[in-house]
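The values are calculated or read from the model by the stated rules, or taken from the named source; none is laboratory data. All figures in this text were calculated on a predicted structure; none of them were measured in a lab. In this analysis, Cβ positions are derived from the backbone assuming ideal geometry, glycine residues included, and neighbour counts consider all displayed protein chains. For accessibility, only protein heavy atoms count, side chains too; no ligands or nucleic acids. Shrake-Rupley method; radii C 1.70, N 1.55, O 1.52, S 1.80 Å.
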Amino acid sequence: MRVIGLISGTSMDAIDVAVADLVLDGPRVVLTPVEHAEHPFPEELRTPPTSAADLCVLDTRLGQAFAEVAARYRGDLVASLGQTLHHWVEDGRCLGTLQLGQPAWIAEATGLPVVADLRVRDVAAGGHGAPLASTLDALWLADFDGPATALNIGGIANVTKISPEGVTAYDTGPGNALMDVAMTVMTGGRRTRDTDGEFALRGTVRADLLDRLLADPYYARPAPKSTGKEHFNRAYLDRVAEGLTIQAEDLLATLTELTARTIAAECAGTVIGSGGGMRNPALVAALRRRVDLRTSDELGLPAAGKEAYLAALLGFLTWHGLPANVPSATGAAGPRPLGSITPGRYPLRLPEPAVTAVTGLTISGHRWPAGHRRRGDGGDRART
């Protein structure tokens, strides 16, 4: 079936869409990338809500924005990861999570059923509801002759580590989030990111600020763990930098170094990168100095569309009655089907639930490089 995947990441720089053909082939899902794109995020929707009325408006407008994007593509099903507004974590435990972008608007505009609200079931089962990228990564890298680490750098960076001991996944800390905050403040909102690492490449890392940033207790917490802009935000950066006078270029260089260092500390083996941060040459260079970094494009999965392809995969699994979380990664009590389904224009007709557990993911037309294919191995550790 053809699935349209949608997501707006924590950077809120675009609505990402990917269209994938997906089919069950015994214990494997075969994913054929069809197309992917980025659509501008509506500027007027960046302002955080301050009342129930604001929240209602934002949920509606985001739903309409997602609907407008989805209606440009053809498929059988839409899967939306939405826009995370708040991720509630206390004492290392996730207590709730809120994604906006009302799916009824998407169903109305496209006529297709929509799978949405994909995180909260995992949270209800004791997990963090993140990083759900672990589902795609664990299946995709099940046959990789590891160890390997799948890395996604959005506003928050997350890793999925595959080894003979199993699968672990968690947020490492800020990806682009603090860099975006710094650029937004310094330019009065005229620029929201350090495009091409322009400022960072001209700056020098300030050891005094970096030491303060690295002292954050989040980095020492054991996995599973998750974080977000509720923690790594402007107020946080103002507090950490209090009393220091720092040039803009040095601030960006230091924040880039923070992201690179905290990511590299959590990686093992071949690192397969994706996400918006991989388009920042200053950050990529800092990572390459520390890890064996490749892009997911090299291994068959477009890096720019990976999170939207993830949404499509999660929706496909839900549609077939299959669990779509990795408990060892999120901390959930066990495998769970994820999301809720909003019917489309016609009566909802679900297929018979799949009875074979999915243990692998094949990207159609792609073969692992020589020396990285381990046939018949890794299925159990990738089980969702």
| message | Over segment 294-373, what portion of Cα pair distances is larger than 18 Å, expressed as a whole percent? | response | 56 percent
| note | If amide H atoms are modeled at 1.01 Å from N in the peptide plane, then the residues at a separation of 5 or more from residue 79, or on another chain, having amide H under 5 Å from its own are 4, 5, 6, 115
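So, counting K/R as plus one and D/E as minus one, what does the shell of residues with Cβ under 11 Å around residue 227 add up to? Please list the in-between numbers first.
Numbers: positive: 221, 225, 229; negative: 171, 216, 230.
Result for the local shell: 0.
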| message | Given points 7 Å out from each Cα along the Cα-Cβ axis, report the residue 202 to residue 104 separation in nanometres with one decimal. | response | 5.0 nm
| Under a 5 Å amide H to amide H cut-off, with H placed in plane at 1.01 Å, what residues pair with residue 14 once short-range neighbours are removed? | 9, 41
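For the chain, what is Rg from Cα atoms divided by 2.2 N^0.38 Å, rounded to two decimals? Let's see the in-between values first.
On the way: Rg = 19.9 Å, N = 384, 2.2 N^0.38 = 21.1 Å.
Cα-based Rg divided by the globular estimate yields 0.94.
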| request: Please compute the Cα-Cα pair-distance distribution of segment 91-138 with 10 Å bins starting at 0, giving whole percents from short to long. | output: 24, 40, 29, 6, 1
| note | Non-local residues with an amide H under 5 Å from the amide H of residue 292, with H modelled 1.01 Å from N and Pro and chain starts lacking one, are 271
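Where nothing but the Cβ of Lys and Arg (+1) and of Asp and Glu (-1) is charged, how large is the charge dipole of the chain around its Cα centre, in debye to the nearest 20? Please list the in-between numbers first.
Details: 37 positive and 43 negative charges, 116 e Å.
Around 560 debye, computed over the chain.
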| query | With the chain treated as a Gaussian network of Cα nodes joined by springs under 10 Å, which of 278, 12, 186 yields the largest mean-square fluctuation? | reply | 186
| note | Cross-link reach from residue 161 to lysines, straight Cα distance under 18 Å and at least 8 residues apart if same chain, gives 225, 306
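For the chain, what does -39500 (n - 2.57) per DSSP helix run (n ≥ 4), summed and divided by total residues, give at 222 nm, in deg cm²/dmol to the nearest 500? The partial results should precede the final answer.
On the way: 12 runs with 113 residues, N = 384.
Calculated from helices alone, the mean residue ellipticity at 222 nm is -8500 deg cm²/dmol.
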| query | Applying 1/(1 + (r/R0)^6) with R0 = 30 Å to the Cβ-Cβ distance of residue 247 and residue 221, what FRET efficiency is obtained, to the nearest 0.05? | reply | 0.40
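On full extension of the chain, what length is gained from residue 57 through residue 290, given 0.36 nm per residue of separation minus the C-alpha to C-alpha distance?
On the way: separation 233, 0.36 × 233 = 83.88 nm, distance 4.44 nm.
Gain on stretching residue 57 to residue 290: 79.4 nm.
Work out the P(r) tail for segment 117-272: percent of alpha carbon pairs separated by more than 28 Å, whole number.
Across segment 117-272, Cα pairs with separations above 28 Å total 26 percent.
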| request: Would you kindly derive the ³J(HN,Hα) couplings of segment 327-340 from the backbone phi angles with the Karplus curve 6.51 cos²θ - 1.76 cosθ + 1.60 (θ = phi - 60°), listing them in order in whole Hz, with x for Gly and Pro? | output: x, 5, 8, 8, x, 5, 5, x, x, 9, x, 10, x, 10
| note | The farthest towards the positive end of the charge dipole of the chain, of the residues 97, 351, 87, given +1 on Cβ of Lys and Arg and -1 on Cβ of Asp and Glu, is 351
| query | From the phi of every residue in segment 353-359, what ³J(HN,Hα) in whole Hz does the Karplus formula 6.51 cos²θ - 1.76 cosθ + 1.60 yield, where θ is phi - 60° and glycine or proline is x? | reply | x, 5, 9, 9, 5, 8, 10
| task | Please arrange 257, 90 by accessible surface area, largest first, computed with a 1.4 Å probe and ligands excluded. | result | 90, 257
| request: Starting from the Cα of residue 350, move 7 Å in the Cα-to-Cβ direction to define the label point; list residues of segment 1-26 whose amide nitrogen is under 16 Å from there. | output: none
| query | Length gain on complete extension for the stretch residue 163 to residue 74, per 0.36 nm per residue less the alpha carbon to alpha carbon distance? | reply | 28.3 nm
| message | Kirkwood hydrodynamic radius, segment 28-162, all distinct C-alpha pairs: what's the number in Å? | response | 16.9 Å
| message | Give me the net charge for the shell around residue 109: Cβ to Cβ below 15 angstrom, other residues only, Lys and Arg +1, Asp and Glu -1. | response | +2
| Derived scalar couplings ³J(HN,Hα) [segment 80-94; Karplus, 6.51 cos²θ - 1.76 cosθ + 1.60; whole Hz; x for Gly, Pro] | 10, 7, x, 10, 5, 9, 8, 10, 8, 10, 9, 6, x, 10, 7
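Show me the ranking of peptides 48-60, 95-107 by mean Cβ neighbours inside 10 Å, starting with the highest. Before the final figure, lay out each step's value.
Working: 48-60: 12.8, 95-107: 20.8.
With the highest mean Cβ count within 10 Å placed first, the list reads 95-107, 48-60.
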| task | Please work out whether segment 47-97 counts as rounded, prolate or oblate from its C-alpha gyration tensor, where a ≥ b ≥ c are the square roots of the eigenvalues and a/c under 1.5 means rounded, while otherwise a/b larger than b/c means prolate and anything else oblate? | result | oblate
| task | Using a Gaussian network model of the chain whose springs link C-alpha atoms within less than 10 Å, name the residue from 46, 193, 290 with the highest mean-square fluctuation. | result | 46
